Amino acid sequence: MHEQDRAASPAALSSPYGDLAFLLDLDPPASDFRHDVHEGLAATPKRLSPMYLYDERGSLFFQKITTLETYYPTRTERSLFEDNARAIGEAIGPGRAVFEYGAGSPEKIELLLSLMQDPRGYVGMDISREFLIEGMQAFAARTGLPVGAVCADFNDIATLPKDLIDPEAAWLGFFPGSTIGNISTDAAGALLRNAAATLGRGAAFLLGVDLEKDPDVLRLAYDEPAGVTAEFILNILPRIRDELGASLDIGAFKYEIDIRDNPQRIEMYVTAVDATEIRLDGRAYGFDAGERMQISRSQKYSLEGLDSLLDSTPWRRERTWIDEACPYALCLLGNG
Ligand code: AVI
């Protein structure tokens, strides 16, 4: 992923777009997938960015994961919201519009808006254009709030057409679900710095962060017997085959995880069962038996680790709500 400003140009901004106040399409380049797959297959060890997991099929797999008993982050975060609704609403303060990074879950944003005082509007940002537009249109029709959509990747700085939402509103960045753990700490720092630039001074930011915990709990959450996470990760193979025209044997790969310390993180792999190869654009990338390609990672933070990340950004942790039984934090950051 790259840190760059593909700001709004007249061609990128269309308004109105169905029920949307605006659609800002920063057009995250489609050719990046091909380029990144070549680069990732040629690398030692092989790897690919988790952002490629979220095509339409992948996003549906992930939604299914969030309903599994074994996957604790979604329900733990939801309980934190429900148990602290009043305090969170008061700490956020009245009259803010929300800008969400990764607009995958209408339930989360509805939960947030229900506890906010006088919310002024909502802008969702996501890399998956069709999924985003569909979700945002449905959301706008349901709530009647001014709703905008930004198609971009996490590290873009968007020049938001704030007047189309509410010129008076202060902004609240929203990055729930502990998705911050899916990017490196460098990329997380860049995202938070870019968020400060996008949202402006006086903004607040509500961040969901999964905290370090018992590795057995992690193993069950990320390699559950139901096998949905395996399907989610292995879905990258048909994407590479069908979208890029690669030739590969899907059955030659399986899903595997590793749990590492310092900082604690789960690494998710597709692993070649026997020697095999992926052929793409006339190049052959060989896999030895047992060779793995890292497709995702999910870092678990300590509060100290989070604070040292925030030290590289304009944000400071102002309030924190923690689930001690299944360590998870909702942090309200300020950049004031
Ligand atoms: C989106 N993200 C917070 C999930 C996580 O828990 O790291 C992605 C995921 N990967 C496998 N299971 C869930």
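The values are calculated or read from the model by the stated rules, or taken from the named source; none is laboratory data. Just so it is clear, the structure is predicted and the values come from calculations on it, not from any experiment. When we count neighbours, we look across all protein chains shown, and the Cβ atoms used for this are built from the backbone with ideal geometry, even at glycine.
Take Thr143 and tell me if it is of a type in the set (Val, Ile, Thr) and within 16 Å of the ligand (Cβ to nearest atom). Give the derivation first.
Details: of a type in the set (Val, Ile, Thr): yes; within 16 Å of the ligand (Cβ to nearest atom): no.
Taking the combined requirement at face value, the residue does not satisfy it.
Please find, among Arg297, Arg279, Arg241, the residue that is without any contact (Cβ under 8 Å) to a residue 60 or more places away in the chain and either touching a helix residue (DSSP H, G or I) at 6+ places or on another chain (Cβ under 9 Å) or not in a strand (DSSP E or B) (or both).
Criteria check complete, one pass: Arg241.
Within segment 185-205, which residues are in contact with a Gly (Cβ under 7 Å, 6 or more places away or on another chain) and buried (at least 21 other Cβ atoms within 10 Å of the Cβ)?
Once the filter is applied, which keeps residues that are in contact with a Gly (Cβ under 7 Å, 6 or more places away or on another chain) and buried (at least 21 other Cβ atoms within 10 Å of the Cβ), segment 185-205 yields Ala195, Leu199, Ala203, Ala204, Phe205.
Would you say Asn182 is surrounded by 17 or more Cβ atoms within 10 Å (Cβ to Cβ), away from the ligand (no atom under 14 Å from the Cβ), among the polar types (S, T, N, Q) and under 28 Å from Glu110 (Cα atoms)?
It is false that Asn182 is surrounded by 17 or more Cβ atoms within 10 Å (Cβ to Cβ), away from the ligand (no atom under 14 Å from the Cβ), among the polar types (S, T, N, Q) and under 28 Å from Glu110 (Cα atoms).
Which pairs have Cβ atoms under 9 Å, sit 6 or more apart or on different chains, and link a residue in segment 37-48 that is under 9 Å from Met293 (Cα atoms) to one that is in a loop (DSSP other than H, G, I, E, B) and among the hydroxyl-bearing types (Ser, Thr, Tyr)?
Correct list of pairs: Gly40/Ser49.
Quick one: Asp214 ticks every box in (1) within 19 Å of the chain's Cα centre (by Cα); (2) charged (D, E, K, R); (3) farther than 23 Å from Tyr285 by Cα; (4) surrounded by fewer than 20 Cβ atoms within 10 Å (Cβ to Cβ) bar one, so which box is it?
Status for Asp214: all satisfied but (1).
Among Ala158, Ala149, Ala103, which is the only one that is in a loop (DSSP other than H, G, I, E, B) and under 16 Å from the mean Cα position of the chain (by Cα)?
Result of the check over Ala158, Ala149, Ala103: Ala103.
Quickly run through segment 12-32 and pick out the residues that are under 12 Å from Asp153 (Cβ atoms), modelled with pLDDT under 85 and buried (at least 16 other Cβ atoms within 10 Å of the Cβ).
Once the filter is applied, which keeps residues that are under 12 Å from Asp153 (Cβ atoms), modelled with pLDDT under 85 and buried (at least 16 other Cβ atoms within 10 Å of the Cβ), segment 12-32 yields Pro28, Asp32.
Just checking, how many residues over segment 298-336 are touching a Phe, Trp or Tyr at 6+ places or on another chain (Cβ under 9 Å) and either among the hydroxyl-bearing types (Ser, Thr, Tyr) or within 18 Å of Ile92 (Cβ to Cβ) (or both)?
Result for segment 298-336: 12.
Determine the pairs where a residue that is more than 16 Å from the ligand (Cβ to nearest atom), located within segment 95-124, has a partner that is at pLDDT below 95 and polar (S, T, N, Q) with Cβ atoms under 9 Å apart, the partner being 6 or more residues away or on another chain.
From residues that are more than 16 Å from the ligand (Cβ to nearest atom), the pairs are Phe99/Thr198; Glu110/Thr143; Leu113/Thr143; Tyr122/Thr143.
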